[in-house]
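Computed from the coordinates by the stated procedures, all read-outs in this text should not be read as laboratory data. No experiment lies behind these values; they were computed from the predicted model shown. Here the Cβ is made from the backbone with ideal geometry for all residues, glycine too, and neighbour counts use every protein chain on show.
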Amino acid sequence: MAADRVGPFWRAAGLLALAALVAGCSDELPREEVHLQVEKAPDYMMPDAGPDRGPAGLSEAAQSTMARLQQIIESNSLRRLTAFAEAQPGFVSNFAGASHSDHWDLLRRTGFDPILRLEELLAGPYGTKSVAGETWYVWPDLAALEPEALTPERLNFSQRARLEELVGETGIAQIREGRGYPGIRTAIAEDGRWLYYVHEVSGEE
């Protein structure tokens, strides 16, 4: 009877020892390393580093003008916007010869709110361009590009998408004809002058 009890015990012990031996051997097996070579994504697929805001951002004078415009926007006063524009040397709001007041009032009555659209512009990215040795800060950033650099083929993926959103197919067709940025745009000079706020196409830039 004792022998019958011992037999199963040793068989179980042997199985446990064998399992431990197999487990130990599996730990020592060499592991395969797999190396994948991934090609760099093309530039147009890479995220943007951000808009060109110039070496040191807005000048102090331009920041002051921005702050003044923000105050006018908060007041939602077309009269104050007109008065500020009239105080800017050479400011351009349209190319039809209309006064700033008449032009903006007409736009507002046709559903284009000059103050709301200005707020949207200034909340977005700006670019810089040099004009006669002076730095201009231009909104949106794409409007700072020269016509030849603005064609969709010269832009990255996200820029092309933004351009289409801003100016539509009609605007892109105008760009392909060699014209400048055809959408709403505004600019402030580094000395703080508010230069223009237009939505028409012209060679003013």
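Take every Cα pair under 8 Å in segment 43-198 that's 6+ residues apart, average their separations, divide by the length, and report that relative contact order as a whole percent.
Values: 211 pairs, mean separation 48.0, N = 156.
Once divided by the residue count of segment 43-198, the mean separation gives 31 percent.
Where does the charge balance sit around ASP105 when Lys and Arg score +1, Asp and Glu -1, over other residues with C-beta under 13 Å from its C-beta?
+1
Label point 7 Å out from LEU116 along Cα-to-Cβ: which residues of segment 58-84 have amide N under 17 Å?
73-79
Please list, in order along segment 120-133, the HN-Hα scalar couplings obtained from phi with the Karplus expression 6.51 cos²θ - 1.76 cosθ + 1.60 (θ = phi - 60°), rounded to whole Hz, x for Gly and Pro.
5, 4, 5, 7, x, x, 10, x, 10, 9, 9, 10, 6, x
What is the log10 of I(q)/I(0) for segment 43-198, computed with the Debye formula using one identical point scatterer on each Cα and no solvent, at q = 0.18, 0.21 Å⁻¹?
Once normalised to I(0) and log-transformed, intensities are -1.19, -1.47.
In the neighborhood of SER75, defined by Cβ-to-Cβ distances under 12 Å, what is the net charge if each Lys or Arg adds +1 and each Asp or Glu adds -1?
That works out to +1.
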